[in-house]
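The values are calculated or read from the model by the stated rules, or taken from the named source; none is laboratory data. Quick caveat: nothing in here was measured; it's all calculated off a predicted structure. As a convention, Cβ positions derive from the backbone with ideal geometry for all residues, glycine included, and neighbour counts pool all protein chains shown. These area figures cover heavy atoms from the full protein model, side chains too; ligands, DNA and RNA do not enter into them. Shrake-Rupley method; radii C 1.70, N 1.55, O 1.52, S 1.80 Å.
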Amino acid sequence: MGLFVAMFQGHLALPTAFDTVAWHYHEMLFGYVGAVLAGFALTAIPNWTGRLPLRGLPLLGLVIFWLAGRSAIAVSALIGAWAAAAIDLLFLAALTAVIAREIIAGRNWRNLPLVAAVLLLFLCNVLSHCENLNLVDTSGRAQRFSIVVVIMLIGLIGGRIIPSFSRNWLVKRDATRLPTPFGRFDQLTLALTLVALVWWAAAPVGAVTGGLTTLAAALNLARLARWQGFATRPEPLLWVMHVGFLWIPIGLFMLALAAWLPDVPQSGAIHAFTIGAVGTMTLAVMSRATLGHTGQPLRANTGLTLAYLFVTAAVVLRVAAAFWDELFLPLVWGAVAAWIAAFVLYLGVCGPHLVRRQERRPATG
């Protein structure tokens, strides 16, 4: 994000074959989201399958592929767009193979959709490179379909963990009203959301798009209301997940508005999805996983709470910028600063837990 600001203002010019905006969305959707997916999958799959987590050289290989991809895109004008594409695609291809191997070996068929999602994100990245190479003209569909993949993942996985975590916390406090567990209403909502988003990705303007996205927004809002989010307000580690999910129906409502009124920019909805739903949910899950896997209490301290407030400020400012032309640049810079502040705070709080050497218990018996 820091590089994007410098590039957008003309203070820096990376030797990349992508224009500034294309570089920004590519690196956020396939770089940032790719890393988040890898972190989530490699943490969650051992719990799902009972198999040992990926470690050692195979894990290092994935890290190297990811770093190589980011570097190749940054200097793609020097090494050639074809070479950059080949290097960049290695990471998501390898991640797909690793996830598929672990889920199939563990016979964890319930989570096969995760394999499909990462594979689809890989194919969207292929389309993105093909468009950059002038082989095809997707008219933004590669970007929109990649957003569809990620939002559907949040709808599926978030729709399971948010009510589950909230229920566990509320039960300990003898709450009388508990979140509704995943059921047929959730399945119906996911199915209609998929139809609405795929239709939007293919045809972003029109009455059908407007109707489908409005219906999907209403269903997702009703789904969220069933999870008793307001009751979790004393614990930021929980309410931030509800806030993150809230940006999905907000984004869908904004898509409907833009579908019916062509003068309304779609960038507001896109950033409600990307900064709002994706950014907030990934920050929330990352911080919870870090605390849980390093033996810390599952409570957000002041630093993490501020991080959640900053990422919320980032999406509010960026969405406002889409509708307020006179203050576009100050609002965008404010959003960038808030985003960076959120992740700096996360690193400040959670980083020491991740790098601290874990104490070994003496062997017994």
Only one residue in 21, 33 is open to solvent by less than 30 Å² (accessible area, probe 1.4 Å) and among the β-branched types (Val, Ile, Thr), so which one is that?
-> 33
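Filter the helices (runs of 4 or more DSSP H) completely within region 1-73 down to those with at least 3 residues that are farther than 20 Å from residue 342 by Cβ.
Details: elements: 2-8, 20-26, 33-49.
Result: 20-26, 33-49.
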Determine the pairs where a residue that is among the basic types (Lys, Arg) and open to solvent by less than 20 Å² (accessible area, probe 1.4 Å), located within region 209-238, has a partner that is in a helix (DSSP H, G or I) and at pLDDT 95 or above with Cβ atoms under 7 Å apart, the partner being 6 or more residues away or on another chain.
-> 223/185; 223/186; 223/189
Unmet requirement for residue 306, which otherwise passes all of (1) farther than 14 Å from residue 344 by Cβ; (2) in a helix (DSSP H, G or I) | (1)
Which of (1) more than 17 Å from residue 244 (Cβ to Cβ); (2) surrounded by fewer than 17 Cβ atoms within 10 Å (Cβ to Cβ) is the odd one out, the single condition residue 144 does not satisfy?
-> (2)
In the set 215, 255, 298, 237, the lone residue that is under 28 Å from residue 169 (Cβ atoms) and either part of a helix (DSSP H, G or I) or out of contact with any Gly (no Cβ under 9 Å at 6 or more places or on another chain) (or both) is 237
Do any residues in region 138-160 that are on the phi > 0 side of the Ramachandran plot have Cβ atoms under 8 Å from those of residues that are open to solvent by 20 Å² or more (accessible area, probe 1.4 Å), where the two are at least six apart or on different chains, and which pairs are they?
-> 140/204
If you check residue 303 against the conditions, is it under 23 Å from residue 214 (Cβ atoms), open to solvent by less than 20 Å² (accessible area, probe 1.4 Å) and among the small types (Gly, Ala, Ser)?
-> no
Within region 36-52, can you find the residues that are open to solvent by 50 Å² or more (accessible area, probe 1.4 Å) and free of Cβ contacts under 8 Å to residues at least 60 places away in the same chain?
-> 47, 50, 51, 52
Search result, residues across region 313-346 that are closer than 22 Å to residue 257 by Cα, open to solvent by 30 Å² or more (accessible area, probe 1.4 Å) and in a helix (DSSP H, G or I) | 316, 317, 318, 320, 323, 325, 326, 327, 328
Determine whether region 181-202 contains at least one residue that is of a type outside the set (Phe, Trp, Tyr) and touching a residue at least 60 places away in the same chain (Cβ under 8 Å).
-> yes
Using the structure shown, decide if residue 288 is of a type outside the set (Ser, Thr, Tyr), farther than 21 Å from residue 190 by Cα and in a loop (DSSP other than H, G, I, E, B).
-> no
Within region 65-75, can one find any residue that is closer than 27 Å to residue 288 by Cβ, open to solvent by 20 Å² or more (accessible area, probe 1.4 Å), touching a residue at least 40 places away in the same chain (Cβ under 8 Å) and among the aromatic types (Phe, Trp, Tyr)?
-> no
